[in-house]
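Readers should treat all values here as calculations from the given coordinates under stated rules, not as data from a laboratory. The shown structure was predicted, so the numbers you read here are calculated from the model rather than taken from an experiment. Cβ coordinates were reconstructed from backbone atoms using ideal geometry, including for glycine residues, and neighbour counts include every protein chain displayed.
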Amino acid sequence: MKYDSTNIFGQILRGEVPAFVVDEDEFTLAFMDIMPQARGHTLVIPKEPAVDIFDISEKVLARLVLQTRRIAVAVDKAFEPDGVSIVQLNRSAAGQTVFHLHFHIIPRWNRGELKQHGAIQSSSKALENNAQLIRKNLKE
Ligand code: 5GP
């Protein structure tokens, strides 16, 4: 599949669609998933246009993985979950719905099921509060 820059994350990267941003650096952007599967569900994407993990340069992938772990550390501190899932889907058959590479960071609790994937939109207030909490726990 060829990268199509009109996808929703491409629009977020260009500032055409707003997002609850957690952090940004030269290569990546981290923001709240608008339909979180659990409180604190965060996405980390490369700025490089890439459909999936097979479509990205090694240099940016390395930065993306390191940044994903850095954000996951902050998510873990912010919400103190029992566990943290880091998930990345490639192509429709694997469940990918947005065709710009991204890592999901999803806090997990022993009690309580995950909400359905990409189904229920959270309130702006909750998303902003969660983004703020993660930002507070981010190490320089
Ligand atoms: P995928 O299925 O491709 O791995 O995940 C795409 C994710 O993007 C889903 O978890 C979905 O909730 C999220 N998502 C879809 N549209 C938007 C949007 O407009 N803004 C944000 N922040 N997340 C979105």
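Structure summary
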item: Helix-only mean residue ellipticity at 222 nm for the chain, each DSSP H run of n ≥ 4 adding -39500 (n - 2.57), per residue, nearest 500; result: -9500 deg cm²/dmol
item: Between 0 and 90°, nearest 10: helix 124-136 axis offset from the chain longest Cα axis; result: 90 degrees
item: Cα-centred dipole magnitude for the chain, charges only on beta-carbon of K, R (+1) and D, E (-1), debye, nearest 20; result: 280 debye
item: Coil-residue GluC sites (Glu not before Pro) of the range 1-102, DSSP, other Cβ within 10 Å capped at 15; result: E16, E26
item: Inter-centroid distance (Cα atoms) of the range 55-69 relative to the range 11-44, Å; result: 16 Å
item: Cα point-scatterer Debye curve for the range 8-136, base-10 log of I(q)/I(0) at q = 0.11, 0.15, 0.18 Å⁻¹; result: -0.34, -0.66, -0.98
item: Folded to 0 to 90 degrees: helix 58-79 orientation relative to the chain principal axis, Cα; result: 10 degrees
item: Sequence ranges 59-68, 113-122, ranked by mean other-Cβ count within 10 angstrom, highest first; result: 59-68, 113-122
item: Set of lysines with alpha-carbon distance to K2 below 21 Å, sequence-local pairs under 8 removed; result: K47, K59
item: Contact order relative to length of the chain, as percent, for alpha carbon pairs under 8 angstrom and 6 or more apart; result: 32 percent
item: Those aspartates and glutamates that a straight Cα-Cα span of less than 16 Å connects to K136, excepting residues fewer than 8 apart in one chain; result: D23, E24, D76, E80, E128
item: Sparsely packed trypsin sites (Lys or Arg not before Pro) within the range 64-106, loop by DSSP, other Cβ within 10 Å at most 13; result: R91
